[in-house]
Every structure is written in structure tokens, then in C-alpha cells.
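Here is the structure we will look at.
The values are calculated or read from the model by the stated rules, or taken from the named source; none is laboratory data. From a predicted model like this one, the values you see are computed outputs, not experimental measurements. So basically every Cβ, Gly included, is an ideal-geometry build from the backbone, and we count neighbours across all protein chains shown.
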Amino acid sequence: MEVIESILQGLEEKKFLLDLVLLLSAASIGGWLSGLIKMPKVLGQILLGIILGPTVLGWLNGQNEMIHTMSEIGVIFLMFLAGLETDVNELKSSGKGASVIAAGGVIFPLFFGTVIPYLLFKQYLPEGTGHQQFLFALYIGTILTATSVSISVSVLRDMKKLSSKEGLSILSAAIIDDVLGIILLAVITGMVNPSGNSSIIGLIIRIVSFFVITFIVGIIISKLITSFAMGSAWSEKIIIFAIISCFLFAFMAEVFKIAAITGAYLVGVIFSTTPYQRKITDRIQVLAYSLFTPIFFVSIGLKVAITSEIFKYWKYAIVIVLIAVFGKIIGCGLGALISKFNLRQAFQIGVGMIARAEVALIIASQGVASKVISDATFTSIVLLVVISTIVTPPLLKFSFSNKKAEEAV
């Protein structure tokens, strides 16, 4: 008996190894199945996570800390690699257009995500005065402005379109979108909860400070690495230095109240200007795409289980999903047209901004906890996450690889 108890105890202590086996196997099978129907592998990984969610979450004890940490590392590496593959000159030239695209992608979902629930679905807003309910609706609109670019980045990398003009515009607009969303969320939260201690001016100062510091440090790092590029000793240490820098900038971004993925992307851009850009990319993508990013995409699926509650307010949920999806396609698409992109390119950029994932879920969870949004709205956001993560990969592939996409828009 003692031997059996010892074995069982050992299994419990090392269960995380079986967790990894389970998640990586699911990611491999999902990617393989997607390949069979000529779809991006990220689609299969997310779908398999959704299908296995109810069973696997019980086994994983509700998404244990180690899996969560590995998935966070996965998305950080994904955005770091996106930065490494960015052409700085192209990024500079896309800056003005990306700002217009991001503005459209915030304005349209915010406006319709506020007005339609307030006018047509007040029964699903928390109780309060007319002014309070308008603020509650405004919070819903704010949730719908969030963009999860990690899914689009993975698909664009697979199609070798990440460095295209459209791909860079999606990346740049998503970063600007992220900053606008953070500021907007702080403003709305302050309006809903005036007793809060958040300072909008302080937040803006922190954000500006982060980008200024990153720019200055980036120039220094780039020049130093380029100066020592001929040293063989430095060449061997560049990979670990790049990884340390990636995590450090991701951490600093969080400290300055910006998403960690923004810091990871920016430091990737910094290293893309060095002679070691290709070496760093080749080494890190093996590590990232073999272990961390597959876990990230499967874990997205695990988080978004849909319950039977959705049938009670399915009309409201569908409207929320349509506002979120078409708000990005139309808003970002119009921004792209204003920025001199053609109709097909505008559609590609709009599709690239559709996906919602962890950010929307986090904001929605905070809203439920603060009683700013109802359970009906939260369930609708969960449905949005499921649908947007499923439709984004095939729509992106369609828009880039099929000329009929031009006719579709």
C-alpha cells in the first residue's frame, strides 16, 4: 500500500507534466486537422480548446497557474517575433494611416455598442437612473473596442504577410487601439465610479513616458549591439540578452499600465534593426512555436466555455457580436480607405482587427464584479470571443489569398 500511495503522490506532484502532454497534444492535433482543410493551424488549436474545455478544465483544476504563465509567455514571444519581422521604415510610413485606422476601430464599436444596448436592450442593463444606465451602456461600448491582435499575427506569419503594408497597418493600429482603449476604460471607469482613485492625466503621462523611454533605450541598444556585432563572444550571448530584454520590456509596459504584448512588440522592433535580427528570430521561433504559443492558443479555447444561459438572451448576444465584428470591419475599413488603401486592402485590415480574446474577457469580468454590466452582457462577450476567434483566421486567409474577396466587399 505504501508503494501505491507513494506512486500516487508522485503523480500528483508531477501532474503538470501530464498537463503539458495534454495541451501540446491537443495543439498538435488541432493544427494538423486545420492543415487538412487548408486553414491556419491556430484555428484548430482554438477550436480544440473550446471542444475540450469542460473536460480539460476539470483535469487542470480550472486553468492552473503554470499553464496560465506559459500561455502568457507564448503571447509575449508571439508579439516579440512580430516586432523582429517588422520593417522599421515601413512601420514609420504606416504610422499616420494606422492612427486613422485605430480611431475608426474605436469610434464605431464604441458608438454602436453604447447606443444600441441603451435604446433597445435596457432590460439587460443593471438597474439605475437614465444617466447611470447610459454609463453602463458606455462601458459595454468600451469592451467592444478591445482588439486581440495575437490571433491575426499568427495567421499573417503563417501566410508570410506580416511584413506587408496591410500586416504592418494591422499591427500598428492594434497598438494604438490598445493605448486608446486603456485611456477610454480609465475615463469610463472614473465616470461610473467617481470615488475611484484613478487619475486620467496620470495615466496619460505614464503611457507617454513609456514610449519616450522605450524610444531612447531602443536607440541605445540598437547602436551598442551594432557596434559590437563583430565580437564572437557577444554573438553567442545575443539570444539570452534578447529574451531578457523581451521580458523586461513586457514587465515595464505593465508597470506603466500598458499591455505586456506592446512592450514585447516594441523591443522586437528594436532588435530588428540589429545585425542579429535573423539569428534571434530563427532561434526564438523554434522555442516559441514548439512549446509556448500552442499552449496559449489552446488555453484561449479553454477559457471561453458557453453555457445554456445564452439561450435566454440570444437575440441580445447576437446583436453584441454583430456590433463588435462589423464595428471593426467598417470602422477600420473606412480608416484604411481614408489612408489611401484600396477596397480589398481595407477589408483585409478590418478583418485583421476583429478578434477579441483575453482583454475583452478581463474587462467584462471586472464589469460584472463591479455590477456595471449584467450576466447577460458577460455571456454575450464570451460568445463574441468564441465567434471572433473562430472566424478571424479563415476570413484573413480568404481576404489575402482569394481575389474573390475583392468582389465580396
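List of remarks:
- Single residue of the range 184-210 satisfying the filter (surrounded by 17 or more Cβ atoms within 10 Å (Cβ to Cβ) and farther than 18 Å from residue 367 by Cβ) that is modelled with the highest pLDDT: 210
- Exactly one residue out of 46, 73 is under 17 Å from the mean Cα position of the chain (by Cα) and at pLDDT 80 or above, and it is 73.
- Single unsatisfied condition, residue 181 versus (1) more than 27 Å from residue 282 (Cα to Cα); (2) modelled with pLDDT of 80 or more; (3) not charged (D, E, K, R): (2)
- Some residue of the range 161-176 being acidic (Asp, Glu), at pLDDT 80 or above and buried (at least 18 other Cβ atoms within 10 Å of the Cβ): yes
- Subset of the range 120-131 that is closer than 13 Å to residue 372 by Cβ and over 30 Å from the mean Cα position of the chain (by Cα) - its residue that is surrounded by the fewest Cβ atoms within 10 Å (Cβ to Cβ): 127
- Entry remark, the range 239-257: residues being hydrophobic (A, V, I, L, M, F, W, C), in contact with a helix residue (DSSP H, G or I) (Cβ under 6 Å, 6 or more places away or on another chain) and either assigned to a loop (DSSP other than H, G, I, E, B) or over 14 Å from residue 208 (Cα atoms) (or both) number 6 in total.
- Taking the criterion of being outside any helix (DSSP H, G or I) and closer than 30 Å to residue 258 by Cα, the residues of the range 308-360 that qualify are 339, 340, 341, 353, 354, 355, 356, 357.
- Only listed residue being aromatic (Phe, Trp, Tyr) and either modelled with pLDDT of 90 or more or surrounded by 17 or more Cβ atoms within 10 Å (Cβ to Cβ) (or both), chosen from 296, 311: 296
- Listed by first and then second residue, the pairs with beta-carbon distance under 6 Å, at least 6 apart or on different chains, first residue in the range 126-146 and farther than 21 Å from residue 182 by Cα, second surrounded by fewer than 16 Cβ atoms within 10 Å (Cβ to Cβ), are 126/371.
- Counting the residues of the range 263-284 that are in contact with a Ser or Thr (Cβ under 9 Å, 6 or more places away or on another chain) and either surrounded by 19 or more Cβ atoms within 10 Å (Cβ to Cβ) or among the hydroxyl-bearing types (Ser, Thr, Tyr) (or both) gives 14.
- For the range 121-159, the set of residues classified as farther than 15 Å from residue 389 by Cβ, modelled with pLDDT of 80 or more and among the hydroxyl-bearing types (Ser, Thr, Tyr) consists of 124, 139, 142, 145, listed by residue number.
- Residue within the range 79-99 that is in contact with an Asp or Glu (Cβ under 8 Å, 6 or more places away or on another chain), over 30 Å from residue 238 (Cα atoms) and part of a helix (DSSP H, G or I) present: no
- Pairs where the first residue, in the range 338-355, is in contact (Cβ under 8 Å) with a residue 40 or more places away in the chain and small (Gly, Ala, Ser) and the second is assigned to a loop (DSSP other than H, G, I, E, B) and surrounded by 24 or more Cβ atoms within 10 Å (Cβ to Cβ), C-beta under 6 Å, 6+ apart: 355/148
- Test for residue 118: is it modelled with pLDDT under 90 and either at negative phi or hydroxyl-bearing (Ser, Thr, Tyr) (or both): no
- Complete set of residues in the range 162-176 that are assigned to a helix (DSSP H, G or I) and touching a Leu at 6+ places or on another chain (Cβ under 9 Å): 166, 167, 168, 170, 171, 172, 175
- The condition of being farther than 30 Å from residue 401 by Cβ, in a helix (DSSP H, G or I) and under 22 Å from the mean Cα position of the chain (by Cα) holds for only one of 212, 106, 179, 115, that being 179.
- Screening 167, 130, 113 for residues that are over 24 Å from residue 349 (Cβ atoms) and not acidic (Asp, Glu) leaves exactly one candidate, 130.
- Looking only at the range 88-119, and only at residues there that are touching a residue at least 12 places away in the same chain (Cβ under 8 Å) and of a type in the set (D, E, K, R), the one that is surrounded by the fewest Cβ atoms within 10 Å (Cβ to Cβ): 96
- The test for being modelled with pLDDT under 85, crowded, with 20+ Cβ neighbours inside 10 Å and touching a Gly at 6+ places or on another chain (Cβ under 8 Å) does not hold for residue 361.
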